[in-house]
Structure formats: C-alpha cells, structure tokens
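Below is one structure, written out as structure tokens, with a few remarks after it.
The values are calculated or read from the model by the stated rules, or taken from the named source; none is laboratory data. Here the structure is a predicted model, which is why all the values come from computation and not from measurement. Don't worry about glycine lacking a Cβ; one is built from the backbone with ideal geometry, like all the others, and counts go over all protein chains shown. These area figures cover heavy atoms from the full protein model, side chains too; ligands, DNA and RNA do not enter into them. Shrake-Rupley method; radii C 1.70, N 1.55, O 1.52, S 1.80 Å.
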Amino acid sequence: SDRLNRPNVFRGRYEQRNSFRAMYRRCMRGFALSFTPLQMLCLIHRTIFMSGNAYSRWAHKKSIAAYCKNYAATKLGIKSTSSRELIAILRSVPADQLKVAVPIHDIRWRETTREFCPVIDGDLLPLRVEELRRIAPVLSVMAGVTELEAARFLRPQDAAEDNIIATVEEMLPKGTRNETRDSLVRLYKESVLRRQPDLTLWRARTELSGDRMYCIPTIQLLRECNKRGAPTYFYVFAYYNAKSVGGSANFPHVSEAPHAFDLPYVFKSGIYWNVSFNDNDNRACELITTAFAIFDKNGNPNGKGSSAWLPCDIQHPGRHMIVGLNPKMEVEYKDGICQRWIEIIENEKLRCSI
C-alpha cells in the first residue's frame, strides 16, 4: 500500500535513533510466525507481534493444495484426483467463474481461518512451528493486542447464546465434560455483565471470539518465550477515538479499540479506514511509536533510566502495559481468563487421552 510507503512518524523515530536492526515480522498482521528461518540466520534481532502469531489457528496451514481441492469441489463443482489434474481443468475455466471472495473471518465464528497463508511445505516453513521454536535463537519479544479485538466483527443482532456455546465447544478438546463447557460460558456472561450489561450476549460473544483468535494465542506465545528465557513485554492498546476513524457510524456500540485499530497510530496513517488525527490521536501515536523504537534499540521498551514497563514472566503471565493516553501497568490480564483457557485445554487433552 502506498499509504505505508509515505514518510511517517514511525519511520522518523527509527531514523532519529539510527536503529535499523529490527525486522519486524508482522507479515500482514497475523501471518507472522513465532520463529522462522530468518531468525535462525540472525537477520532478526527483535520481534513484535501485533494481534497474532503462530499459535493463532488461522496463521498457517499444512496444505493449501487440500484447501484448493475442497474449494474447487464445493464451490466450483470441479472434482479431481490430483493437483496436476485440478490445475489442468482450472486453466479452461473463465476468470469470472474463478473470482473468489476471500472472507477474512466467518461472521458466524464456526471456524476462524484464512484461506491463503503460509504453508508448512518444506520451503517457506521447512519444519513444524513447534520444532522451529526449539532451535531458534532466544530473542527479546514484545506482543500486544487491542482492548476488544473482535468488536467490529460482529453486529449485536448476530449474537445468540447457542453460538457462544458452540464456540466454546469448538475450542475445547473432544470429550470435554459438559460442566467444564458450562462453567466457561457462565464465566463470560458474568464478566460482561460488569462491562456492557445492555449488550450482554454481543459482548460475551465478542470477548470469546477475540480471545479465541488473538488473546489466548498471545498469552501462549509469551508463556513459551518465557520458558525459553526470552525477555517478554506485553501490551494492550486501549486508545480508541471513534470521531477520528471513518466508518464508526456503522458501529455505535463499539467504544474500545478493536482489531487493527492500533495500526493507524503505528504508521500515522489510516489503514483500513481514513483517520483524522487530532491532538489525542497524535499523543497516542507518539506513545506507541516511541515504545516500539526504544524496544528496537534496547531490547525493552523502557527509556533511559526507566523501568516502568515490567516484563511478564512465569509468575506474572498476564502482566502488561495499558497503552493509551494514560499508560499504566496491570498485573492481571482479563482476570486471568486466557491463562485459565490454556490450563483447561491442556488438562482436558490429558484427561481425554487417558
């Protein structure tokens, strides 16, 4: 995008500090993988994950060929026995029939995938991600999410209790006890009653979907990096100015930063929507770009002589910095619900395997 090629505050911060050592592997946000061959070649010295990493279910696939074969059969009515046969048939199909609408997210949240993304094929990803992590260098890591990741993905009228239950079931291993599922559903409902009681079902489903796609994978990533001894810093981007962002009239129920709404403040430019920067927007931009640039230079986001931003660790897996107009450290993230998810999934997998 030529918007990203324009001079901006983020680039300026880097030039001021003469720091180009970092190659941030964001790769269009969630496509970034936790540790790749580039790291093993020492081409990357710092890593920043913004709302996505290889623990996200939609970040990579084992086979694009399998997806294409299924798409051709179910959407185009083309059946084939091999990739070679499928390619030969597709060559004769008119372009307008091949036109594909690639949804970023399924509005029903039955599954959350991207159709085209990095593949474990021996080339781009030569090994399974778990194996790549084990042999990759230990690097300083910063990871973050927005305050309410899935806020713009669902409309209030789309929320239904059955979908909340179905999403919880899909996240849990097969054979999980019903009481475990029901306790998690209750936990989300009770949590949102304190935050947005007028839109309980929408808020519960939004929180759950955001946790599934972004928040739980982020906590998983930070936990594994901590186990390897990497310095890890966690942030939550909590600034949202609906008046400055185009398209906000379509989402009057959203009052917290949704997915991707940290990007305009990183690049000082609208990405998905036009942004009219006011003084508060400029302040938010200053805060996040300065933190990123200092992290690039020092391996931690604290300025000279400061230790205000504490890393998360095994004892404090949810410790994070709230990045907003009034930054502050918090010890617990979302009342520990993401950590609880990880523990429940691990325990249920172990129980079901016995």
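Miscellaneous remarks
- Solvent-accessible ranking of Lys268, Lys328, largest area first, probe 1.4 Å: Lys328, Lys268
- Accessible surface, the stretch 177-241, averaged per residue in Å² (probe 1.4 Å): 35 Å²
- Separation in nanometres of the label points that stand 7 Å from Cα toward Cβ, at Asn282 and Gln157: 4.1 nm
- Per-selection Kirkwood Rh - the stretch 112-196 (Cα, Å, 1 d.p.): 17.1 Å
- Point-charge dipole on Cβ atoms (K/R +1, D/E -1) for the stretch 194-241, about Cα centre, debye to 20: 120 debye
- Shape analysis of the stretch 250-354 places it in the oblate category; the axes a ≥ b ≥ c from the Cα gyration tensor give an a/c of at least 1.5, with a/b not above b/c.
- The C-alpha radius of gyration of the stretch 176-215, expressed as a fraction of 2.2 N^0.38 Å, stands at 1.18.
- Among Thr176, Pro197, Asn278 the positive-end extreme of the charge dipole of the stretch 175-325 (Cβ point charges): Thr176
- Cβ-placed point charges (K, R +1; D, E -1), dipole of the stretch 274-323 about Cα centre in debye, nearest 20: 160 debye
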